[in-house]
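To keep things clear, I will list the structure first and then write my remarks on it.
The values are calculated or read from the model by the stated rules, or taken from the named source; none is laboratory data. Because the structure is a prediction, the values reported are computed rather than measured. Glycine gets a Cβ as well: all are built from the backbone with ideal geometry, and neighbour counts include every protein chain shown. To get the accessible areas, we keep the full protein, side chains included, count just its heavy atoms, and leave off ligands, DNA and RNA. Shrake-Rupley method; radii C 1.70, N 1.55, O 1.52, S 1.80 Å.
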Amino acid sequence: MKITFYGHACIGIEVSGKHILIDPFISANPNAAHIDINALKADYILLTHAHQDHILDAEQIAKNNNAVIVSNWEIASYYGNKGLQSHPMNHGGSWSFDFGKVKYVAAIHSSSFPDGSYGGNPGGFVIEGEHKNIYISGDTALTMDMKLIPMRTKLDLAVLPIGNNFTMDVQDAVIAADFLNCDKVLGCHYDTFGFIMVNHDEAKKVFFDAGKDLMLLEIGESLVL
């Protein structure tokens, strides 16, 4: 399983010959100016919620690749009504795709489309595939619901927001890693704009002191599980 960071909360996953893209917000992110959205491959696009900084490029990338958009009922229906392929889910439900199993799990945040229309409840994803399991938390506060995830799935990686103000901060992300029984964390949702700037060295030290590994990838950089 190959994981690529495309900035903010956008993650690419290559597994079982398929390309999955999470929360594509690239074209308006000045830190990701070197990423060409028209060159990205996507068989599936998973959307955690409807905020612009998570869906901005979803429609264009889906059209380019004839990709399936996977999200809650409201978001999936929104794109389905635009003529795009979609697969609706809701909290606690799971589905076996050709790359592995996806479960839609709880997140504590808000969710509305850029025009203010209802985007359903926010969520996260647990992806089980190719003997490696990854949790994409989406934008969320620290929540006791995270303790439920390792009861069903042994995680190899957790993707957690660390930018504070709109989501968890670094200290809460460490507690989240404890709840998840996962010591390997990929940080996201930081440095994109002024409210969520993070001192990288300090953030990594907080995790290191807790016996955990926080990875902060450069935009376009990858890791392999």
**Fill in**
The orientation-averaged projected area of the Cα convex hull of the range 69-136, in nm², is 4.8 nm²
**Request:** Give me the percent of the accessible area of the chain that comes from carbon and sulfur atoms, probe 1.4 Å, all protein chains in place.
**Result:** 49 percent
**Message:** Over 5 Å intervals from 0, what percent of Cα-Cα pairs in the range 113-207 sits in each interval?
**Reply:** 3, 13, 24, 23, 18, 12, 7, 2, 0
**Message:** Would you calculate the convex hull of the Cα atoms in the chain and tell me its volume per residue in Å³?
**Reply:** 108 Å³
**Asked** Top mean-square fluctuation among Ser112, Ser16, Ser77, Gaussian network model of the chain, C-alpha springs under 10 Å?
**Response** Ser16
**Prompt:** Along the range 122-133, what does the Karplus equation 6.51 cos²θ - 1.76 cosθ + 1.60 (θ = phi - 60°) give for ³J(HN,Hα), rounded to whole Hz, x for Gly and Pro?
**Reply:** x, x, x, 10, 9, 10, 10, x, 6, 6, 10, 10
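Which value, in Å², gives the accessible area per residue of the chain when a 1.4 Å probe is used on the protein heavy atoms?
43 Å²
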**Asked** Roughly how many Å² of Lys18 are accessible to a 1.4 Å probe, to the nearest 10?
**Response** 60 Å²
**Request:** Please work out the FRET efficiency for the pair Met144 and Asn64, using the Cβ-Cβ distance as r and a Förster radius of 45 Å; give the result to the nearest 0.05.
**Result:** 0.70
**Request:** Equivalent ellipsoid semi-axes for the range 1-134, as square roots of 5 times the alpha carbon gyration tensor eigenvalues: give them largest first, rounded to whole Å.
**Result:** 19, 19, 14
**Message:** Charges on Cβ only, +1 for Lys and Arg, -1 for Asp and Glu, centred on the Cα centroid of the range 37-171; of Ser110, Gly129, Met89, which one is farthest towards the dipole's positive end?
**Reply:** Gly129
**Complete:** Residues whose built amide H sits under 5 Å from the amide H of Leu157, excluding neighbours closer than 5 in sequence, are Asn133, Tyr135
**Message:** Would you calculate the convex hull of the Cα atoms in the range 37-115 and tell me its volume per residue in Å³?
**Reply:** 91 Å³
**Asked** If the cut-off is 25 Å between C-alpha atoms, which lysines fall inside it for Lys41, apart from same-chain ones fewer than 8 positions away?
**Response** Lys2, Lys18, Lys63, Lys82, Lys101, Lys103, Lys132
**Complete:** For the chain the mean separation of alpha carbon contacts under 8 Å (6+ apart) over residue count, i.e. relative contact order in percent, is 18 percent
**Request:** With r as the distance between the Cβ atoms of Asn165 and His200 and R0 = 22 Å, compute the FRET efficiency 1/(1 + (r/R0)^6) and round to 0.05.
**Result:** 0.80
**Complete:** Fraction of alpha-carbon pairs in the range 170-225 farther than 19 Å apart, rounded to whole percent, equals 29 percent
**Prompt:** Magnitude of the Cβ-charge dipole of the chain, K/R +1 and D/E -1, about the Cα centre, nearest 20 debye?
**Reply:** 620 debye
